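Chemist: Below: one structure in structure tokens.
The values are calculated or read from the model by the stated rules, or taken from the named source; none is laboratory data. Because the structure is predicted, anything quoted here is derived from the model rather than measured. Backbone-built Cβ (ideal geometry, glycine too); neighbour counts: all protein chains shown. Ligands, DNA and RNA are excluded from the accessible area calculation, which covers all protein heavy atoms including side chains. Shrake-Rupley method; radii C 1.70, N 1.55, O 1.52, S 1.80 Å.
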Amino acid sequence: MKDEKTATGGKEADFRILVVDDNRDGADSLALLLRMWGYDVRVAYDGVQAVQSARDHRPDCILSDIGMPGMDGYRLAERFRQDESFKGITLIAITAYADAGRAQAAGFDHHFVKPADPLKVEAILRSLLNVEQRLKRLEEVAQQGA
């Protein structure tokens with residue numbers, strides 16, 4: 001499993017992403033792109049590894065394939081949604097499966113059909129990052145007022 005951190009020091013580096021795909025080339029390529037954008041990225045190549053990585057590194061967002069052997073992306077999403085400790089994680093399907101309704105029913109927040117437009121994926125990640133930064137500022141203000 002990859003365990004590389006970004007060296008940018010930017011705010012994106014505080015936003016943790018887990019990429020899950022049994023296609024190693026696809027997973028590694030997506031992770032490389034995300035790291036170039038400045039994100040802290042981990043990679044898992046199957047559902048079981050993804051659950052362990054999520055427990056260890058607490059990602060803010062998971063980008064997952066659906067068609068994987070063993071635990072597929074639907075089961076993985078359901079598992080994350082049933083576990084309270086993963087309540088705030090955003091799940092994004094990036095898959096060859098075009099059934100967005102089934103992905104949403106399983107617990108995915110967003111659905112992209114491969115090959116996903118990187119600019120659309122980046123737009124979602126940027127919006128998630130902005131929300132997270134606003135929440136952190138609110139927490140800081142609340143702590144100062146207490």
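Chemist: I'm trying to understand the selection: among the residues of region 34-47, which are outside any loop (DSSP other than H, G, I, E, B) and closer than 16 Å to Leu128 by Cβ?
Modeler: Hits for region 34-47 are Leu34, Asp40, Val41.
Chemist: Only one of Ala123, Ala98, Ala103 is assigned to a helix (DSSP H, G or I) and over 23 Å from Arg35 (Cβ atoms). Can you tell me which? Before the answer, list the steps.
Modeler: On the way: Ala123 fails: over 23 Å from Arg35 (Cβ atoms); Ala98 fails: assigned to a helix (DSSP H, G or I).
Exactly one residue qualifies, and that residue is Ala103.
Chemist: Would a scan of region 128-137 turn up a residue that is in contact (Cβ under 8 Å) with a residue 24 or more places away in the chain and in contact with a strand residue (DSSP E or B) (Cβ under 6 Å, 6 or more places away or on another chain)?
Modeler: Taking region 128-137 and keeping what is in contact (Cβ under 8 Å) with a residue 24 or more places away in the chain, we get 128-129, 132-133.
From what's left, in contact with a strand residue (DSSP E or B) (Cβ under 6 Å, 6 or more places away or on another chain): 128.
Yes, some residue in region 128-137 is in contact (Cβ under 8 Å) with a residue 24 or more places away in the chain and in contact with a strand residue (DSSP E or B) (Cβ under 6 Å, 6 or more places away or on another chain).
Chemist: Against the conditions (1) more than 15 Å from Val19 (Cα to Cα); (2) under 15 Å from the mean Cα position of the chain (by Cα); (3) in contact (Cβ under 8 Å) with a residue 40 or more places away in the chain, where does Val121 fall short? Just the number, please.
Modeler: (1)
Chemist: Which pairs do you get when a residue that is more than 16 Å from Val20 (Cα to Cα), found in region 71-88, comes within reach of a residue that is of a type in the set (Asp, Glu) and open to solvent by 20 Å² or more (accessible area, probe 1.4 Å), reach meaning Cβ atoms under 8 angstrom, with the pair 6+ apart or on two chains?
Modeler: Partner pairs satisfying both residue conditions: Gly88/Asp60.
Chemist: Separate question: Go through region 68-81 and give me each residue that's part of a loop (DSSP other than H, G, I, E, B) and crowded, with 18+ Cβ neighbours inside 10 Å. Lay out the reasoning, then the answer.
Modeler: From region 68-81, those part of a loop (DSSP other than H, G, I, E, B) are 68-72; that's our starting set.
Answer for region 68-81, where residues must be part of a loop (DSSP other than H, G, I, E, B) and crowded, with 18+ Cβ neighbours inside 10 Å: Met68, Asp72.
Each row is one residue, and each column tells you yes or no for (1) over 27 Å from Ser29 (Cβ atoms); (2) crowded, with 17+ Cβ neighbours inside 10 Å.
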{"position": "Asp83", "(1), (2)": "yes, no"}
{"position": "Leu91", "(1), (2)": "no, yes"}
{"position": "Ala100", "(1), (2)": "no, no"}
{"position": "Phe112", "(1), (2)": "no, yes"}
{"position": "Leu119", "(1), (2)": "no, no"}
{"position": "Ala123", "(1), (2)": "no, no"}
{"position": "Leu135", "(1), (2)": "yes, no"}
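Chemist: Being in contact with a helix residue (DSSP H, G or I) (Cβ under 7 Å, 6 or more places away or on another chain), of a type in the set (A, V, I, L, M) and within 19 Å of Ala31 (Cβ to Cβ): is that true of Leu63 here?
Modeler: yes
Chemist: Does Ala50 fit the bill of being in a helix (DSSP H, G or I), in contact with a His (Cβ under 7 Å, 6 or more places away or on another chain) and of a type in the set (Gly, Ala, Ser)? Reasoning before the result, please.
Modeler: On the way: in a helix (DSSP H, G or I): yes; in contact with a His (Cβ under 7 Å, 6 or more places away or on another chain): no; of a type in the set (Gly, Ala, Ser): yes.
When the stated conditions are applied, Ala50 does not pass them.
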